[in-house]
Amino acid sequence: MKRTITIFSALLLGTIIGSCDQKEVQDTSSESLETIQETEENHSFLEEYPNAKKMKEIDMRIDPENRVESLYWEKQSKNGSEFTQVVAYLNEDGLPMKITEHFVDGNYQPEGRRHYYLDENKLIAFSEESNQWIDSLNTNYSEKRTIYNAAEPVISQVRYADSYDEIEDVQWKNIRAEHHSLKKVNKILSGVEEFQPHFISVIKTDQLFLLLGEAKPQTEERYTTAVRVDEMTPFIKDLLENLDKYKFRPVEIAFEVVGGNNTPEYRVLTNIAWKE
């Protein structure tokens with residue numbers, strides 16, 4: 001029941017949160033570190049690394065309406081509730097040119113966003129912005145960026161500040177070049193492996209939600225998510241009459257995102273079928 005209530009609360013608030021005293025990383029621009037400031041330092045950075053320039057160009061091309069959003073996923077862990085959700089921004093050909101992962105790693109753990117930049121389905125750049133809790137009231141803010149040349153990272157940089165408002169006054173520092181993987185975000189977007197939805201239960205308030213998640217996780221920890229049901233279809237009626245029979249059965253779902261813009265955001269079911 002604790003897991004059910006937690007995931008429902010996260011969906012109801014329309015944001016990825018770990019506890020009532022956690023806060024989100026602030027938007028830095030249209031969606032991330034998108035606009036690398038035109039300082040002398042960054043001008044040199046853009047000129048030296050062609051994919052850094054492509055990274056900036058991608059941010060300028062993004063159409064917020066041309067995107068695909070994943071489900072919100074919650075996982076109970078030793079650090080409390082972890083949350084993750086992914087948004088893919090598509091180019092004119094319908095291919096992802098940027099994938100953003102929103103994450104909360106648990107109570108008093110890092111939370112923020114990771115951004116993967118792609119060119120012809122190949123990773124060309126990565127950036128991350130996150131808050132690290134230092135006590136119950138305060139966080140430190142950090143940013144990372146990595147530029148790739150072909151399949152290998154050629155430079156990684158990091159900078160830290162007490163808050164987002166102070167970060168632009170901090171110079172980037174080079175660190176060992178870091179590799180980044182698209183594996184997790186692709187699994188979330190595709191709904192496979194631990195992110196393959198299985199029917200678990202229902203949540204009934206003044207509205208109806210389906211609780212979905214992993215059927216047989218490797219440990220007691222399980223990813224779960226929820227979708228709101230607005231239409232009482234024959235499938236849903238049969239499901240409600242046979243909850244135990246269908247428990248842990250895999251499903252294929254389609255949904256739309258409603259709300260947002262300072263109002264509660266929900267994933268609303270538009271289609272559902274048992275996975276063969």
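Since every read-out is calculated from the coordinates, none of them should be taken as a lab result. Note that this is a predicted model, so its numbers are computed, not measured. As a convention, Cβ positions derive from the backbone with ideal geometry for all residues, glycine included, and neighbour counts pool all protein chains shown.
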* Asked: Which of Ile99, Tyr141, Asn186 sits farthest toward the positive end of the charge dipole of the range 89-198, with +1 on the Cβ of Lys and Arg and -1 on the Cβ of Asp and Glu?
  -> Asn186
* So who's got an amide H within less than 5 Å of the one on Val227, skipping anything under 5 residues away but keeping other chains? H placed 1.01 Å off N, in plane. -> Leu210, Leu212
* Structure fact -> Label model pair Arg249, Asp63: point-to-point distance (7 angstrom along the Cα→beta-carbon line) in nm is 4.0 nm
